[in-house]
Amino acid sequence: MAAEHVIVTSTTDSEDAARALAAGVVDANLGACAQVVGPITSVYRWKGEVQNDQEWRVEIKTAADRVAELVDHIKANHSYDVPEIVATPITGGSAEYLKWLIDETRS
């Protein structure tokens, strides 16, 4: 059984960029809520070299049927060549909150 609700996670290189991304997805009804977490330290390989950078994580709560459009939105509004975009299913929680999540992702 597929999850109806997901958390989509991305990272950015500044708090301002993270806040703008969060506001944009909520304004477009692609997420009910977006939280900015950071700064965090990300260690990853890019173009053959290990990088160690400060980033801000954006956690977007949304309906599963909004994920494809949300992914497109993040790609179009992100400064990274290959932004992190990971969708994690929400398997349970407050029924009232999850209903609100669905309601807020509708126009």
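No lab work stands behind these numbers, since they all come straight from the coordinates. Computed from a prediction, not measured in an experiment: that's the story for all the values here. Please note: Cβ atoms are built from the backbone with ideal geometry, for glycine as well, and neighbour counts cover all protein chains shown.
The relative contact order of the range 5-104 comes to 41 percent, based on Cα pairs under 8 Å that sit 6 or more residues apart.
Charge tally for residue 71 (other residues, Cβ to Cβ under 14 Å; Lys, Arg +1; Asp, Glu -1): -2. Of all aspartates and glutamates in the structure, the ones whose alpha carbon falls short of 18 Å from that of residue 61, not counting any fewer than 8 places away in one chain, are 4, 27, 69, 72, 84, 96, 103, 104.
Extension gain for residue 47 to residue 20 (0.36 nm times residue separation, less C-alpha to C-alpha distance): 7.0 nm. Against the main long axis of the alpha-carbon atoms of the chain, helix 67-76 sits at an angle near 30°. Remark on residue 11: its backbone amide H falls under 5 Å from those of 58, 84, a criterion applied only to residues 5 or more positions apart or on other chains, H modelled at 1.01 Å from N.
Over all other residues within a Cβ to Cβ distance under 11 Å of residue 55, the charged ones net out to -3, with Lys and Arg as +1 and Asp and Glu as -1. The listed peptides 94-101, 25-32, 9-16, ordered by packing as a protection proxy, come out as 25-32, 9-16, 94-101 (highest mean of other Cβ atoms within 10 Å first). For a straight C-alpha distance cut-off of 24 angstrom, the lysines reachable from residue 47 (same-chain residues fewer than eight places away being disregarded) are 75.
Residues whose amide H falls under 5 Å from that of residue 90, counting only those 5 or more places apart or on a different chain, are 5, 6, 7, with hydrogens built in the peptide plane.
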